[in-house]
Amino acid sequence: MDDDEAITRSLDGDLAAYEALVARYSALAHRTAYLLGAGDEAEDVVQEAFVKAFRHLSGFRRGAAFRPWLLRIVANETHNLTRSRGRRAALALRLGAEADERAPDDPEGAAVATDRRARLLAAVRALPERERQAVVCRYFLQLTEAETAQVLDWPVGTVKSSTHRGLARLREEVGNELA
């Protein structure tokens, strides 16, 4: 069942249809909350976001993409969390799903890749918040510029400029060795 059908059925009271949406987007929502600063509280943020999405499903504009709408709710909930606790949560990116280019039995290559990954993550954590959010959405969550703008509630031009500045800072910090 596609998103539109699941939304229609959910609005008609079919909880199993909404469960299908939750199952489909849960991992992405967790990753989004985690990467945007919720840290260990990502589970709570995502649960609250899915509850709010369900409550406001009747206001969802038919024909629009569900994924960016949901991720905007997740981003807003994450922002509320980080603002309420008065500090930015530590950012830890999970890159384990991406295949390493080196052979698995190459300990030197694995050590170099781990070191490079750690330096990149430290550099991403050190970015100013707006640049970090743009880079995370565009490159770690692989959202388009339009989806990133919708998720962060920014104009597309702001997404472009924040992403550009963030990538420039990362290049300065870690150099071209990660390219």
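The values are calculated or read from the model by the stated rules, or taken from the named source; none is laboratory data. Source: prediction; values computed, not measured. These accessible areas exclude ligands, DNA and RNA; they are computed on the full protein's heavy atoms, side chains included. Shrake-Rupley method; radii C 1.70, N 1.55, O 1.52, S 1.80 Å.
Ranked from largest to smallest solvent-accessible area, with a 1.4 Å probe on the protein heavy atoms, 138, 165, 61, 83 come out as 61, 83, 165, 138. Surface calculation, 1.4 Å probe, protein heavy atoms: residue 164 sits at approximately 120 Å² accessible.
Less than 5 angstrom separates the built amide H of residue 143 from those of 138, all sequence-distant by 5 or more or on a different chain. Each residue of the stretch 36-50 was assigned a 3J(HN,Hα) from its phi angle through the Karplus curve 6.51 cos²θ - 1.76 cosθ + 1.60 (θ = phi - 60°); the sequence is 8, x, 6, x, 5, 9, 4, 4, 5, 4, 5, 4, 5, 5, 5 Hz, with glycine and proline shown as x.
Pair-distance distribution P(r) for the stretch 28-75, from all Cα-Cα distances in 10 Å bins starting at 0: 30, 51, 18, 1 percent. For residue 152, the accessible area of its heavy atoms, probed at 1.4 Å with every protein chain present, is near 20 square angstrom. Estimated at the nearest 10 Å², the accessible area of residue 130 is 120 Å² with a 1.4 Å probe.
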